[in-house]
Amino acid sequence: MLAKVLSCAIVGLEAEVVEVEVDIIKGYPNFALVGLPDAAVRESRDRVHAAIKNSGLSFPGNKRITVNLAPADLRKEGPAYDLPIAVGVLGATQQIWPDKLENAFFIGELSLDGTTRHTKGILPLAALARAEGMQRVFVPAVDAGEAALMPDLEVIPVTSLAQLVGHLTGLAPIEPFTVDIEEAFGGDSSYAADFADIMGQEHVKRAMELAAAGGHNAIFTGPPGAGKTLIAKSLPSILPRMSVDEALEVTKIYSVAGLLPHDTPLIRNRPFRAPHHTISYAGLVGGGAWPRPGEISLAHRGVLFLDELPEFGERLIEVLRQPLEGLPREVSISRATGTVTFPANFMLIAAQNPCPCGYYGDPTHACTCSNNMVTRYQKRISGPLMDRIDLHVDVPRVEFEKLTAVHRGEPSKIIRERVELARAHQSERFKTSQLYCNADMGPSEVREFCALDQTGSRLMKSAMTQMSLSARAFHRVLKVARTIADLTGEPLIQPAHLAEALQYRPRSV
């Protein structure tokens, strides 16, 4: 007898329908699995066999079983097909009526005793089921909260194969799992660090407020121990809170990557990723035989912090050019079987020492590097990449008096209020476009929204000559000036805004 069960395959960040066809006939006992399965899918034969037997159900061991995962030209990976294959076998042997399998998606890994395990990619599955007009999805109970984030979809939490059979036969129905997404999204957020913990460095904190308000990239240059890492870790605490749509975007990425905590079905805080400089190309950009998102995509809608930037390989540094320039901000990974695109709309915060020993130009600590060593070290980061960074900030060592000051600095909560107000101005400005913040503006938007008066034009002309600014740097200065104006509530860029923006450019790139 033939039974059909619907499941899905994850391709990039999206899911595609997979029809699990199970045919059982008389013949030499065999369990064949076809449809471009990988090793984990092929091993599901043994897991399904044991799970059915240990659940007190009957497994047709004396017949020929053929399982086809259609479409046959789509590669299948992972253990997520255990549950649909087991359901298909039970349907083909009439232990479950086949009509009970219609208008539903099944996904999940099985243990040998028939219990379900956590499975990656549940949120894309739920989104696909909703798009396909399915009435319900059957998922592992530990992942039900994630699937229930999709509205207008009945989510059935499955603890074990035996429990699922009881539900499908009507003997012991399972209550659908529901979640209030507004409640899951609400509540107070916790952060690794707060701006109130940063002593001194007022000009650096001002630069971070500008970065957060306009979505600008920044690079810190300073000696060891000056607070570069602490400031970067504090940045998410002043970024605007994510919208529900943004949270679902980020959650989908982490679900596919298998990094979504079991007790956190929805990611509410903006991501902060800080990979080590020894990371591989695939780890940073994404890749592998079955492409997975890398750190660039895991930082989507959040912050990518690259400490000791010159220590990263040249290939890793240069690959950042594409997602830092223009829209859409994404990375594409090409394989022989096709191309997968991952989103990569992140804020880049980089940190570097001025030289290999870290003390070049430090007034209290002698530098041990030769001039050639300093030059070679600083040239590890190419001019074109430095030109794409909006804010170049010097971070000097903190003086004793500031470190021991009694009064704490301004808390992140207060700074975030100003940032969110500035972002509100930008949302109104870009409401008819796909732009997200000032940093996303292209030349045409800069021309429209960053006009200068006569005084500003003379200042900018002088700066272009004296600082050797490129056309790209010219536009980036205007975008930063536009953000400064938004923070002050000014509709037009004033010369003072432009002068402050110019302070964040190096004299040459």
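Brief remarks follow.
- Of all residues making up the stretch 104-129, the number that are within 21 Å of residue 55 (Cβ to Cβ), open to solvent by 10 Å² or more (accessible area, probe 1.4 Å) and of a type in the set (A, V, I, L, M, F, W, C): 1
- Residue under evaluation residue 69, criteria (1) within 31 Å of the chain's Cα centre (by Cα); (2) over 27 Å from residue 333 (Cβ atoms), criterion not met: (2)
- Counting only helices (runs of 4 or more DSSP H) that fall entirely inside the stretch 281-338 and contain at least 1 residues that are at pLDDT 90 or above, the qualifying elements are 281-285, 295-298, 314-318.
- Filtered by the rule that a residue be open to solvent by 10 Å² or more (accessible area, probe 1.4 Å) and of a type in the set (Lys, Arg), the stretch 74-103 gives 75, 100.
- Test: residue in the stretch 172-179 that is closer than 24 Å to residue 51 by Cβ and outside any loop (DSSP other than H, G, I, E, B): yes
- Test: residue 238 is hydrophobic (A, V, I, L, M, F, W, C) and in contact with a Phe, Trp or Tyr (Cβ under 9 Å, 6 or more places away or on another chain): yes
- Count of the stretch 363-398 residues which are closer than 28 Å to residue 195 by Cα, open to solvent by 50 Å² or more (accessible area, probe 1.4 Å) and under 37 Å from the mean Cα position of the chain (by Cα): 3
- Tally of residues being crowded, with 22+ Cβ neighbours inside 10 Å and either at positive phi or in contact (Cβ under 8 Å) with a residue 60 or more places away in the chain (or both) across the stretch 237-250: 3
- Filter result (outside any loop (DSSP other than H, G, I, E, B), touching a Ser or Thr at 6+ places or on another chain (Cβ under 7 Å) and under 30 Å from residue 297 (Cβ atoms)) within the stretch 1-54: 18, 20
- Qualifying positions in the stretch 339-356 - open to solvent by less than 20 Å² (accessible area, probe 1.4 Å), in a strand (DSSP E or B) and within 30 Å of residue 223 (Cβ to Cβ): 347, 348, 349, 350, 351
- Out of 261, 224, 275, 265, sole residue that is modelled with pLDDT under 95, surrounded by 18 or more Cβ atoms within 10 Å (Cβ to Cβ) and assigned to a loop (DSSP other than H, G, I, E, B): 265
- Residues satisfying the criterion are absent from the stretch 412-430 (criterion: outside any helix (DSSP H, G or I) and touching a helix residue (DSSP H, G or I) at 6+ places or on another chain (Cβ under 6 Å)).
- Considering the conditions (1) under 29 Å from residue 216 (Cβ atoms); (2) at pLDDT below 90; (3) in a loop (DSSP other than H, G, I, E, B), residue 365 is excluded by exactly one of them, (1).
- Counting only residues that are touching a strand residue (DSSP E or B) at 6+ places or on another chain (Cβ under 8 Å) and touching a residue at least 40 places away in the same chain (Cβ under 8 Å), the stretch 186-211 holds 6 of them.
- Scanning the stretch 227-236 for residues that are assigned to a helix (DSSP H, G or I) and either under 20 Å from the mean Cα position of the chain (by Cα) or on the phi > 0 side of the Ramachandran plot (or both) yields 232, 233, 234, 235, 236.
- Look at (1) in contact (Cβ under 8 Å) with a residue 24 or more places away in the chain; (2) open to solvent by 50 Å² or more (accessible area, probe 1.4 Å) and you find that residue 460 fails only one, number (2).
- Residues satisfying the stated conditions in the stretch 1-38, i.e. under 28 Å from the mean Cα position of the chain (by Cα) and of a type in the set (Gly, Ala, Ser): 7, 9, 12, 15
The values are calculated or read from the model by the stated rules, or taken from the named source; none is laboratory data. Quick caveat: nothing in here was measured; it's all calculated off a predicted structure. Because the Cβ atoms are built from the backbone with ideal geometry, glycine has one as well, and the counts that use them run over all protein chains shown. Quick note on the areas: whole protein, heavy atoms, side chains included, nothing else; ligands and nucleic acids left out. Shrake-Rupley method; radii C 1.70, N 1.55, O 1.52, S 1.80 Å.
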